[in-house]
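K.L.:
Handing you this structure, nothing more for now.
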Amino acid sequence: MNNQAPHPTVVVIGGGYGGISVAKALDEHATVTLVEPKDAFVHNIAALRSVVQPDFLPRMFLPYDRLLAHGTVLRDRAVRVDGHTVELASGASLAPDYIVLASGSSYPFPAKSDRVVTTDAIARYRAAHDDLKRADRVMLLGAGAVGLEFAGEIAAAWPEKDIVMVDLAPDILPGPYDPRLRVEVNRQLDELGVRRILGHSLVQLPPVPAGEFATFTVSTTDGTSIQADIWFRCYGIAPQTDYAAGDLLAARTAEGYLDVTGELRVVGFDNVYALGDISAIDVNKAGVAGREATVVAKNIQAQIEGSAELAAYTPSKPVIILPLGPSGGSGQLPDGEIASPELISQIKGQHMMIDRYVEMLNLGA
């Protein structure tokens with residue numbers, strides 16, 4: 001690769017939170033190609049709100065048309081990346097000066113959309129809304145951040161529904177969080193009437209598909225019987241790095257993450273970076289992807305300019321913003337303080353941070 005080329009080329013794999021940030025930041029400094037199979041940016045932060053409040057859906061899917069002033073958004077999918085070339089599903093092959101891997105992760109619907117066409121995705125969310133609206137009893141498998149946020153959304157939209165969360169873990173919200181946060185979230189769940197069955201798993205999954213209306217009965221390993229009309233899986237993140245091949249495979253962990261240096265370069269490569277949900281250096285969060293994207297863009301720009309001094313990424317402290325509906329929730333702030341429901345509502349709960357990404361994609365009036 002020739003770092004002294006007058007117009008260095010950068011291929012960014014993935015148009016999620018990290019990918020759009022890197023692509024936009026480098027648009028003035030290189031010839032950027034953003035490779036993404038979806039026809040629009042999906043604002044997953046608003047996904048659970050969109051299930052209970054479908055008027056959020058048009059604002060959850062944002063077009064890429066105005067993201068780059070000079071570069072290109074290529075609707076395609078990387079099928080083989082060896083750290084030197086990028087082979088696409090269309091049959092095209094790219095050999096850029098720099099590769100940024102920002103392909104993100106998969107997660108069970110509805111926390112993440114599983115459709116590449118916006119109209120199909122919106123139809124799926126509307127169908128889930130209609131089925132959820134019919135259900136009197138809802139079971140959520142998983143009491144981590146996604147399950148908790150979804151429980152809060154459902155309870156806020158339909159206070160009369162019976163909601164039960166089931167998790168093998170002995171307490172809600174696994175992770176390195178202050179115990180005060182769990183106390184506060186449990187307090188609000190009690191106020192919302194959300195039941196928790198913790199410390200035991202189901203004997204077997206429900207016999208009906210997740211997200212579809214159908215009454216069923218299941219049992220936990222301690223013999224507790226649960227009857228519900230709909231259920232959702234709220235666990236199971238998986239990094240999307242199946243395209244890794246050749247020399248790149250050496251950096252792929254058994255769990256599918258990519259090992260990176262402090263500068264977020266993939267181990268073994270000078271000009272290949274990985275960030276966001278696929279990077280083994282930090283937790284899977286949109287905010288982390290954005291911070292990592294800043295470091296990656298800064299380092300590639302430095303390399304383009306011939307500098308040997310690259311910035312290092314500092315992994316984040318335990319931070320979480322956890323809404324429980326538009327006006328509830330709690331969180332742990334960077335200074336370790338436990339956030340009030342009012343602050344969580346202001347930061348995220350009311351608007352789900354949509355305006356930030358409308359601006360990022362240059363879609364403002």
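The values are calculated or read from the model by the stated rules, or taken from the named source; none is laboratory data. All figures in this text were calculated on a predicted structure; none of them were measured in a lab. Here the Cβ is made from the backbone with ideal geometry for all residues, glycine too, and neighbour counts use every protein chain on show. The protein model used for the area step is the full one, side chains on, heavy atoms only, and it has no ligands, DNA or RNA in it. Shrake-Rupley method; radii C 1.70, N 1.55, O 1.52, S 1.80 Å.
K.L.:
Using each residue's phi in region 7-14, evaluate 6.51 cos²θ - 1.76 cosθ + 1.60 at θ = phi - 60° and report the 3J(HN,Hα) Karplus result to the nearest Hz, with x for Gly and Pro.
P.N.:
Computed from phi, the couplings for region 7-14 are 10, x, 10, 10, 10, 10, 9, x Hz.
K.L.:
Then there's this: Projected onto the charge dipole of the chain (+1 at Lys/Arg Cβ, -1 at Asp/Glu Cβ, origin at the Cα centre), which of ALA23, VAL86, ALA156 gives the Cα projection farthest towards the positive end?
P.N.:
ALA156
K.L.:
Please report the orientation-averaged projected area of region 287-358, defined via the convex hull of its C-alpha atoms, in nm².
P.N.:
Answer in nm², one decimal: 6.0.
K.L.:
So for region 62-157, averaging the separation of alpha carbon pairs under 8 Å that are six or more residues apart and normalising by length, what relative contact order in percent results?
P.N.:
Once divided by the residue count of region 62-157, the mean separation gives 10 percent.
K.L.:
With viscosity set to 0.692 mPa s at 37 °C, what whole-number translational diffusion coefficient in µm²/s follows for region 93-204 from Stokes-Einstein and a Kirkwood radius over Cα pairs?
P.N.:
Reported coefficient: 200 µm²/s.
K.L.:
If you don't mind, another one. What is the set of long-range amide H partners of ALA339 at a cut-off below 5 Å, with H atoms built 1.01 Å from backbone N?
P.N.:
For ALA339, whose amide H was placed from the backbone, the distant partners under 5 Å are GLY331, GLN332, LEU333.
K.L.:
Counting other C-beta atoms within 10 Å, and keeping those with at most 15, which DSSP coil GluC sites (Glu not before Pro) do you find in region 256-365?
P.N.:
GLU305, GLU309, GLU337
K.L.:
So which of LYS285/LYS348; LYS38/LYS112; LYS112/LYS285; LYS285/LYS317; LYS298/LYS348 end up more than 24 Å apart, counting from Cα to Cα?
P.N.:
LYS298/LYS348
K.L.:
If every alpha-carbon in region 1-124 counts as one equal scatterer, what log10 I(q)/I(0) does Debye give at q = 0.09, 0.13, 0.20, 0.21 1/Å?
P.N.:
-0.27, -0.54, -1.09, -1.17
K.L.:
Alpha carbon centre of region 18-77 versus region 256-326: separation in Å?
P.N.:
After rounding, the separation between the Cα centres reads 18 Å.
K.L.:
Moving to a separate point now. Cα centroids of region 195-245 and region 153-180: how far apart, whole angstrom?
P.N.:
Cα centres, region 195-245 to region 153-180: 14 Å.
K.L.:
Heavy-atom accessible area of THR217 with all protein chains present, probe 1.4 Å, nearest 10 Å²?
P.N.:
Approximately 80 Å² of THR217 is accessible to the 1.4 Å probe.
K.L.:
Note down the relative contact order for the chain as a percent, whole number, built from C-alpha pairs under 8 angstrom at least six residues apart.
P.N.:
Relative CO of the chain lands at 19 percent.
K.L.:
If you take every DSSP beta bridge whose two residues both sit in the chain, what share of them, in percent to the nearest 5, is antiparallel?
P.N.:
Roughly 45 percent of the DSSP beta bridges within the chain come out antiparallel.
K.L.:
Subtracting the Cα-Cα distance from 0.36 nm times the residue separation, let me have the gained length for TRP158 to LYS298 in nm, one decimal.
P.N.:
Extra length available between TRP158 and LYS298 comes to 45.8 nm.
K.L.:
Please report, in debye to the nearest 20, how large the charge dipole of region 295-365 is about its Cα centre when each Lys and Arg carries +1 at its beta carbon and each Asp and Glu carries -1 there.
P.N.:
Its charge dipole is roughly 160 debye.
K.L.:
Right, something else. Where does region 212-276 land on Rg/Rh, using Cα atoms and the Kirkwood Rh?
P.N.:
On the Cα set of region 212-276, Rg over Rh gives 1.32.
K.L.:
Read through the labelled values (1) -0.79, -1.20; (2) -0.59, -1.36; (3) -0.65, -1.31 and report the label of the one computed as log10 I(q)/I(0) by the Debye sum over Cα atoms at q = 0.10, 0.15 Å⁻¹ from the structure.
P.N.:
Checking each listed value against the structure points to (3).
K.L.:
Hey, what's the chain come to in accessible area per residue, 1.4 Å probe, Å²?
P.N.:
Per-residue accessible area for the chain comes out at 43 Å².
K.L.:
Loop-only check: which GluC sites (Glu not before Pro) in region 84-175 are DSSP coil with at most 16 other Cβ within 10 angstrom?
P.N.:
Counting only loop positions with at most 16 other Cβ atoms within 10 Å, the GluC sites (Glu not before Pro) in region 84-175 are GLU160.
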